[in-house]
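Okay, so here's the structure we're looking at.
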Amino acid sequence: MTDFESRLPLGKATQYLAEYDAALLCPFPRQLKRDEIGVKGPLPFQGEDIWNGYEISWLNLRGKPQVAMGEFRFSCNSHSLIESKSFKLYLNSFNQTKFSSTEHVEETMRRDLGAACGAEVFVALRPLSSASSCVFAELPGRCIDDLDIEVSSYDLCSTLLAGAAAPELVEEELHSHLLKSNCLVTNQPDWGSVLVRYRGGKIDPEALLRYLISFREHNEFHEQCVERIFVDLMRHCRPEKLSVYARYTRRGGLDINPFRSNFEQSIANWRLARQ
């Protein structure tokens, strides 16, 4: 653990404040982990981190509680990601604070989150009534989870992808619900589903599944895992086009869904069954 990581609020006794405090947000420089996977200079991908918040509340000017669901989008070009526990603490700080309107809350969050991560942030708060139109989605393409493979190691191993791309050129979508990694500091499990959309040499689905399973004991933030998957696929399989999208289950009322691509700007905010 680096000195910077040791200063994060993760895994420490925390006072949960109910009065607004922007200082609770804890940014984590993205480049610290990008150095580990050899990403320096111009990014080989574009994309964003989509967060959904399900436990957002504040008081109106008459002291009446208001509740909403939130969608937050952070560009992968921002200087820092936001550590998730600090984000939760920040959202909690709205609980007993009065605001004149939902728009005022959105403006406040947009300002604070943008200042913390170093880039403009999309913020949308929606009433619970809007959830009636939401339906669970299924990831597109072929699910590779039913492949009858033997797995003997759960240590991250990018070389499982070595030679995984055949000469045959294809354009396809593969997905798995077997992605599991662990929190960088607390070692708590992070459960997710991942979509790989690409054009290039046909990727051996068994090799891809073994590689994704190898994250099972790996400690890294959600955003960093997705960037690592993208970089490893580009390095070993060399597709012409590649997108990697992970949908993680929520913790503390938040789910995090990173998306990285070298040909797509953004992606739909699907909600999967485990979310």
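The values are calculated or read from the model by the stated rules, or taken from the named source; none is laboratory data. Computed from a predicted model, the values in this text were never measured in an experiment. Here the Cβ positions follow ideal geometry from the backbone for every residue, glycine too, while neighbour counts run over all protein chains shown.
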Region 156-212, residues that are part of a loop (DSSP other than H, G, I, E, B) and either modelled with pLDDT under 95 or within 17 Å of Glu227 (Cα to Cα) (or both): Leu156, Cys157, Cys183, Leu184, Val185, Thr186, Asn187, Gln188
Total residues in region 185-203, condition out of contact with any His (no Cβ under 9 Å at 6 or more places or on another chain), hydrophobic (A, V, I, L, M, F, W, C) and more than 14 Å from His236 (Cβ to Cβ): 1
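Here is a yes/no grid of residues against (1) over 17 Å from Lys180 (Cα atoms); (2) modelled with pLDDT under 95; (3) buried (at least 16 other Cβ atoms within 10 Å of the Cβ):
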| residue | (1), (2), (3) |
| --- | --- |
| Val226 | no, no, yes |
| Leu233 | yes, no, yes |
| Cys237 | yes, no, yes |
| Lys241 | yes, no, no |
| Val244 | no, no, yes |
| Arg247 | no, no, yes |
| Gly253 | yes, no, yes |
| Asn262 | yes, no, yes |
| Arg274 | no, no, no |
Condition check for Glu120: at pLDDT 95 or above and either in contact with a Gly (Cβ under 8 Å, 6 or more places away or on another chain) or of a type in the set (Val, Ile, Thr) (or both): yes
Filtered residues of region 187-207 (kept if surrounded by 19 or more Cβ atoms within 10 Å (Cβ to Cβ) and under 20 Å from the mean Cα position of the chain (by Cα)): Asp190, Gly192, Ser193, Val194, Leu195, Val196, Arg197, Tyr198
Single residue of Leu147, Leu184, Leu113, Leu125 found to be surrounded by 16 or more Cβ atoms within 10 Å (Cβ to Cβ), outside the structural domain of Asn92 (by TED's automatic domain parsing) and touching a residue at least 40 places away in the same chain (Cβ under 8 Å): Leu184
